[in-house]
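Accompanying notes for the structure given below.
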Amino acid sequence: MTLRIREIDHIVLRVTNLDRMLEFYCEVLGCSIERRKDDIGLVQLRAGRSLVDLVPVESELGRAGGAAPGQEGRNMDHLCFRLEAFDESFLVEYLEGRGVQPGRVSSRYGAEGHGPSMYVTDPEGNTVELKGPPASP
């Protein structure tokens, strides 16, 4: 078995002006609002088969990312790859064998709905989510 990426599932952007970003992504690029979780600070936009998540920096989720986007802060929270298959034991063994610490597996929402995912960190500190197929209804 090998790790096979199918596509980018979603990307999460930390934003300082949610209204301006919504205008750009929805009115300029043609995305649509798919889901809002205002209690934690999350707006998920449909971008074709993928999602673009907007997280205001002052929200619960946004504060976890540190400083606002700029020279001292980052605006991308994480990148998510949708895997062809999600086999937790294989992934743990595969990642550990390459010196990568696997994260805890949890069901998270992505472009195709809820399904298993795991976070890992790349060599420069970027968070990468490895996402499996949606769970059966």
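The values are calculated or read from the model by the stated rules, or taken from the named source; none is laboratory data. All values derive from a computational prediction rather than experimental measurement. When we count neighbours, we look across all protein chains shown, and the Cβ atoms used for this are built from the backbone with ideal geometry, even at glycine.
Condition check ((1) under 16 Å from residue 126 (Cβ atoms); (2) surrounded by 12 or more Cβ atoms within 10 Å (Cβ to Cβ); (3) out of contact with any Pro (no Cβ under 7 Å at 6 or more places or on another chain)) across all residues:
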{"site": "1", "(1), (2), (3)": "no, no, yes"}
{"site": "6", "(1), (2), (3)": "no, yes, yes"}
{"site": "14", "(1), (2), (3)": "yes, yes, no"}
{"site": "25", "(1), (2), (3)": "no, yes, yes"}
{"site": "44", "(1), (2), (3)": "no, yes, yes"}
{"site": "53", "(1), (2), (3)": "yes, yes, yes"}
{"site": "76", "(1), (2), (3)": "yes, yes, yes"}
{"site": "93", "(1), (2), (3)": "no, yes, yes"}
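Looking at the stretch 39-61, which of its residues are of a type in the set (Gly, Ala, Ser) and under 13 Å from the mean Cα position of the chain (by Cα)? Explain how you work it out, then say what you get.
Applying the first criterion (of a type in the set (Gly, Ala, Ser)) to the stretch 39-61 yields 41, 47-48, 50, 59.
Scanning the stretch 39-61 gives a single hit, 50.
Residues in the stretch 47-59 that are closer than 17 Å to residue 7 by Cα and without any contact (Cβ under 8 Å) to a residue 60 or more places away in the chain: how many? Walk me through how you get there before you give the answer.
At the first step, the residues of the stretch 47-59 found to be closer than 17 Å to residue 7 by Cα are 47-53.
Checking the rest, the ones that are also without any contact (Cβ under 8 Å) to a residue 60 or more places away in the chain come to 47-48, 52-53.
Selection size over the stretch 47-59: 4.
Among the candidates 69, 56, single out the residue that is on the phi < 0 side of the Ramachandran plot and at pLDDT below 85.
On the way: 56 fails: at pLDDT below 85.
Every option except 69 fails the conditions.
Residues that are among the hydroxyl-bearing types (Ser, Thr, Tyr) and more than 15 Å from residue 8 (Cβ to Cβ): list the strands (runs of 3 or more DSSP E) wholly contained in the stretch 37-137 that include at least 3 such residues.
Values: elements: 42-47, 50-56, 76-83, 106-110, 113-121, 127-131.
Those strands (runs of 3 or more DSSP E) span 106-110.
Just checking, how many residues over the stretch 1-36 are within 18 Å of the chain's Cα centre (by Cα), free of Cβ contacts under 8 Å to residues at least 12 places away in the same chain and assigned to a loop (DSSP other than H, G, I, E, B)?
The number of residues fulfilling the criteria is 0.
Name the residues in the stretch 60-74 that are within 28 Å of residue 115 (Cβ to Cβ), without any contact (Cβ under 8 Å) to a residue 40 or more places away in the chain and either crowded, with 20+ Cβ neighbours inside 10 Å or among the hydrophobic types (A, V, I, L, M, F, W, C) (or both), would you?
61, 64
Every residue in the stretch 112-131 that is at pLDDT below 95, farther than 23 Å from residue 74 by Cα and crowded, with 16+ Cβ neighbours inside 10 Å, please.
112
Might you let me know whether the stretch 85-96 holds any residue that is without any contact (Cβ under 8 Å) to a residue 12 or more places away in the chain, under 26 Å from residue 42 (Cα atoms) and of a type in the set (Asp, Glu)?
Taking the stretch 85-96 and keeping what is without any contact (Cβ under 8 Å) to a residue 12 or more places away in the chain, we get 89, 92-93, 96.
Now narrow it down to the ones that are under 26 Å from residue 42 (Cα atoms): none.
No, because not a single residue in the stretch 85-96 is without any contact (Cβ under 8 Å) to a residue 12 or more places away in the chain, under 26 Å from residue 42 (Cα atoms) and of a type in the set (Asp, Glu).
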